[in-house]
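First up is the structure itself, then whatever we jot down about it.
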Amino acid sequence: MRLDHNKALEIAEAYTAAWNSGSPDAVAEFYAQDGSIVINRGAPWEGRTRVAEMAAGFFADVPDLHLTCDGVRCAGEHVVYLWTFTGNHSGTKNPLRVVGWEEWDLDAELKVKASRGWFDADDYARQTEGK
């Protein structure tokens, strides 16, 4: 399967809107039934239910999370989705601005089969603590 840039951008914009809806299920719908995400080489969140749990965790930590798509790159069925999210931490109320990316492998239905997400966890902790 070959994915062109415009289709990759369309998927990325819809994925961004799903995150901005605040609905964990809307985020999970972008994943294949057996799709998974691994964040910063952590334990995988496998299957849509677990992906929704991952998204719910972010929404609990940052209830006013706003995601921006900073760009996409694609090669075949592989997409790199560049993002920034802003919001305020639920516990400390400190403002956050976190940048990162996801590397997606898409299936034939253009659902995420595997995602590898990356962001600077130390910077996130520093911002959460207000340092």
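Would you call A125 assigned to a loop (DSSP other than H, G, I, E, B) and surrounded by fewer than 17 Cβ atoms within 10 Å (Cβ to Cβ)?
So A125 fails the test.
Please name all residue pairs, on different chains or six or more residues apart, with Cβ atoms under 9 Å, provided the first residue is in region 66-85 and is closer than 13 Å to Y15 by Cβ and the second residue is of a type in the set (K, R) and not in a strand (DSSP E or B).
As it stands, the answer is none, since no pair meets every condition given.
Being under 12 Å from S115 (Cα atoms) and out of contact with any Leu (no Cβ under 7 Å at 6 or more places or on another chain) is the filter here, so list the residues in region 44-80 that pass it.
Passing the criteria: P44, W45, E46, G47, V51, H78, V80.
With the requirement that a residue be of a type in the set (K, R), under 16 Å from the mean Cα position of the chain (by Cα) and farther than 13 Å from Y31 by Cα, what does region 83-131 give you?
R97
Can you tell me which residues in region 10-32 are of a type outside the set (S, T, Y), within 16 Å of E109 (Cα to Cα) and touching a residue at least 60 places away in the same chain (Cβ under 8 Å)?
I11, A12, F30, A32
How many residues does region 74-88 contain that are in contact with an Asp or Glu (Cβ under 8 Å, 6 or more places away or on another chain), buried (at least 18 other Cβ atoms within 10 Å of the Cβ) and not small (G, A, S)? Show your work before the answer.
Our first condition is that a residue be in contact with an Asp or Glu (Cβ under 8 Å, 6 or more places away or on another chain); within region 74-88, this holds for 74, 77-84, 87-88.
From what is left, the residues that are buried (at least 18 other Cβ atoms within 10 Å of the Cβ) are 74, 79, 81, 83, 87.
When the remaining residues are screened for being not small (G, A, S), the result is 74, 79, 81, 83.
Counting residues in region 74-88 that are in contact with an Asp or Glu (Cβ under 8 Å, 6 or more places away or on another chain), buried (at least 18 other Cβ atoms within 10 Å of the Cβ) and not small (G, A, S) gives 4.
Sort through A52, A14, A114, A60 and tell me the only one that's in a helix (DSSP H, G or I) and surrounded by 17 or more Cβ atoms within 10 Å (Cβ to Cβ).
A52
The numbers here are math on the coordinates, done by the rules we state, and not lab data. Since the model is a prediction, treat every value here as computed from it, not as a measurement. All Cβ positions, even for glycine, are placed from backbone atoms using ideal geometry, and neighbour counts span all protein chains on display.
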